[in-house]
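Peer 1: Following this message is one structure expressed as structure tokens.
Rule-based calculations on the coordinates, nothing more; no lab input. Keep in mind it's a predicted model, so treat the numbers as computed, not measured. Because the Cβ atoms are built from the backbone with ideal geometry, glycine has one as well, and the counts that use them run over all protein chains shown.
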Amino acid sequence: MKDVAELVLPAKAALGEGPCWDSKKGVLYWVNILGKTVNIYDPKTNENKEIHVGQQVGTVVPRESGGVVVAMQKGFYFLDSETEQLTEIVDPEEQLPENRFNDGKCDPYGRFWAGTLSLSEEEGKGSLYCLHSDFNVEKKVGDLTISNGLAWSPDHRFMYLIDTPTRKVTRFDYDGETGAIDNPVPVIEFKEGEGFPDGMTIDEEGMLWIAHWNGAQVSRWNPETGEQLTSISVPALNVTSCTFGGPDLKTLYITTARKNMTEEEWGKYPLTGGLFKVETDVKGSPAYSFGG
């Protein structure tokens with residue numbers, strides 16, 4: 001495995017996020033939150049399709065019955081990736097117009113989990129929600145500041161969640177049948193100078209891969225011991241998220257963001273905002289689809 005990621009798309013995204021591999025179609029979905037676009041990247045042709053959705057969009061997941069589901073500033077929506085038509089599902093924070101959805105993904109049972117934050121990143125204003133396949137939405141965790149990376153262990157016993165300013169990854173006991181979570185325990189903590197934990201994914205060995213905002217890397221961790229196992233350098237300052245893709249789920253795709261960079265940082269990391277990849281020695285867990 002190389003220890004430096006390579007640029008695959010010079011997207012210059014203000015806030016690239018939410019990469020999600022669609023195994024059926026062989027494409028990568030990702031979003032540019034501030035650019036208000038959902039993107040579909042085809043590695044076979046190296047082409048990227050942009051769909052403008054008219055509001056800040058935090059994350060995108062495939063839908064079992066076709067198209068995708070997005071979590072945006074004004075709630076959950078269906079998006080037809082061919083016609084580009086949006087259909088509103090529900091907005092659980094209609095009473096909080098200064099909030100928007102951020103990172104999210106589907107669990108192994110087809111539920112769509114996504115978290116929110118205040119546009120001013122005010123402490124404790126965010127929450128984590130779960131959209132069930134019957135379209136009922138449930139608030140799962142409150143008092144978050146920047147609800148971010150999510151992952152489920154390969155044996156489906158645990159769910160992991162990042163609240164970025166805490167620098168910690170929290171593990172919950174997870175009941176796949178009901179979607180219940182409890183017993184939150186911090187299992188990983190970033191040290192000063194490493195940046196902040198942002199998005200993450202998990203491999204088939206149960207190890208977490210975490211993007212470093214303001215840290216120019218993706219790192220691999222053992223959540224049982226809290227030990228960092230390896231690091232992949234990314235030639236971009238703000239690394240936002242990562243996901244496994246490709247036919248064998250061994251290609252790690254990485255999103256980055258140009259937001260809040262200084263002139264000096266621009267000079268050092270001119271590729272920031274691009275989409276990157278690295279071939280790994282381990283297979284990733286698949287991205288799950290929304291079952292509704």
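Peer 1: Quick check of the Kirkwood formula: for the stretch 6-279, what is the inverse mean of 1/r over all pairs of different Cα atoms, in Å?
Peer 2: Values: mean 1/r = 0.0547 Å⁻¹.
With all distinct Cα pairs of the stretch 6-279 included, I get 18.3 Å.
Peer 1: Starting from the Cα-Cα distance between GLU189 and ASP248, subtract it from 0.36 nm times their residue separation and give me the gain in nm to one decimal. Walk me through the numbers before you get to the answer.
Peer 2: Details: separation 59, 0.36 × 59 = 21.24 nm, distance 3.03 nm.
So the extension gain works out to 18.2 nm.
Peer 1: Can you give the Rg to Rh ratio of the stretch 28-113, both from alpha-carbon atoms, with Rh computed by the Kirkwood formula? Kindly include the intermediate steps, with their values, before the conclusion.
Peer 2: Details: Rg = 12.6 Å, Rh = 13.2 Å.
When Rh is taken as the Kirkwood radius, the ratio is 0.96.
Peer 1: What is the distance in Å between the Cα centres of the stretch 1-23 and the stretch 272-292?
Peer 2: 9
Peer 1: Okay, moving on. Under 12 Å from a point 7 Å along the Cα-to-Cβ line of LYS44: which residues of the stretch 233-256 have their amide N that close?
Peer 2: In the stretch 233-256, the label zone of LYS44 (backbone N under 12 Å from the point 7 Å along Cα→Cβ) covers 247.
Peer 1: Over 30 Å between C-alpha atoms is what I'm after, so list which of LYS74/LYS191; LYS24/LYS125; LYS44/LYS125; LYS139/LYS268; LYS191/LYS268 land there.
Peer 2: Working: LYS74/LYS191 34 Å; LYS24/LYS125 37 Å; LYS44/LYS125 41 Å; LYS139/LYS268 41 Å; LYS191/LYS268 23 Å.
Result: LYS74/LYS191; LYS24/LYS125; LYS44/LYS125; LYS139/LYS268 exceed 30 Å.
Peer 1: Over all alpha-carbon pairs of the stretch 97-137, lay out the pair-distance distribution in 10 Å bins, whole %, shortest bin first.
Peer 2: For the stretch 97-137, the binned pair fractions read 31, 45, 21, 3 percent.
Peer 1: Please list, short to long, the whole-number percent of alpha-carbon pairs of the stretch 240-292 in consecutive 10 angstrom bins beginning at zero.
Peer 2: Answer for the stretch 240-292: a P(r) of 23, 36, 26, 14, 1 percent.
Peer 1: Please state the shape class of the stretch 139-292: rounded when a/c is under 1.5, otherwise prolate if a/b exceeds b/c and oblate if not, all from the C-alpha gyration tensor.
Peer 2: On the way: a/c = 1.81, a/b = 1.40, b/c = 1.29.
It comes out prolate by the Cα gyration axes.
Peer 1: For the pair LYS25/GLN55, report the inter-label distance in nm, with labels modelled 7 Å from Cα in the Cβ direction.
Peer 2: 2.2
Peer 1: Full-extension gain between MET1 and ASP281, please, as 0.36 nm times their residue separation minus the C-alpha to C-alpha distance. Before the final figure, lay out the partial values.
Peer 2: Numbers: separation 280, 0.36 × 280 = 100.80 nm, distance 0.58 nm.
Length gained between MET1 and ASP281: 100.2 nm.
Peer 1: According to a simple spin-label model (label point 7 Å from Cα along Cα-to-Cβ), what is the distance in nm between LYS268 and SER231?
Peer 2: If labels sit at SER231 and LYS268, their model points lie 1.3 nm apart.
Peer 1: Taking 21 Å as the cut-off for C-alpha to C-alpha distance, list the pairs among LYS49/LYS277; LYS36/LYS283; LYS140/LYS250; LYS105/LYS140 that go past it. Walk me through the numbers on the way to the answer.
Peer 2: On the way: LYS49/LYS277 18 Å; LYS36/LYS283 31 Å; LYS140/LYS250 31 Å; LYS105/LYS140 14 Å.
Too far apart for the 21 Å limit: LYS36/LYS283; LYS140/LYS250.
Peer 1: Also, I was wondering about something else. Place a +1 charge on the Cβ of each Lys and Arg in the stretch 6-279 and a -1 charge on the Cβ of each Asp and Glu, then give the dipole magnitude about the Cα centre in debye, rounded to the nearest 20. Could you put the intermediate results ahead of the total?
Peer 2: Numbers: 25 positive and 43 negative charges, 112 e Å.
Approximately 540 debye in magnitude.
Peer 1: List the relative contact order of the chain as a percent without decimals, with contacts defined as Cα pairs under 8 Å and 6+ residues apart.
Peer 2: Relative contact order for the chain comes out at 20 percent.
Peer 1: Can you give the Rg to Rh ratio for the stretch 138-202, taking only C-alpha atoms and Rh from Kirkwood?
Peer 2: Working: Rg = 11.9 Å, Rh = 12.3 Å.
A ratio of 0.97.
Peer 1: Is it possible to state the helix-based mean residue ellipticity at 222 nm for the chain, with each DSSP H run of 4+ residues giving -39500 (n - 2.57), the sum divided by total residues, to the nearest 500 deg cm²/dmol? What is it?
Peer 2: On the way: 1 runs with 6 residues, N = 292.
Helix contribution divided over all residues of the chain: -500 deg cm²/dmol.
Peer 1: Can you give me the three principal axis dimensions of the stretch 1-155 from its C-alpha atoms, in Å, biggest first?
Peer 2: Between the extreme Cα coordinates on each principal axis of the stretch 1-155 lie 43, 38, 33 Å.
Peer 1: Which of GLU192, GLU138, GLU94 ends up with the largest GNM mean-square fluctuation for the chain, with Cα atoms connected below 10 Å?
Peer 2: With Cα springs under 10 Å in the chain, the top fluctuation among GLU192, GLU138, GLU94 is at GLU192.
Peer 1: To continue, here is another question. Taking the stretch 63-173, how much of its Cα-Cα pair set, in percent, is spaced more than 24 angstrom apart? Walk me through the intermediate numbers first.
Peer 2: Working: 1468 of 6105 pairs.
Summing the P(r) tail past 24 Å for the stretch 63-173 gives 24 percent.
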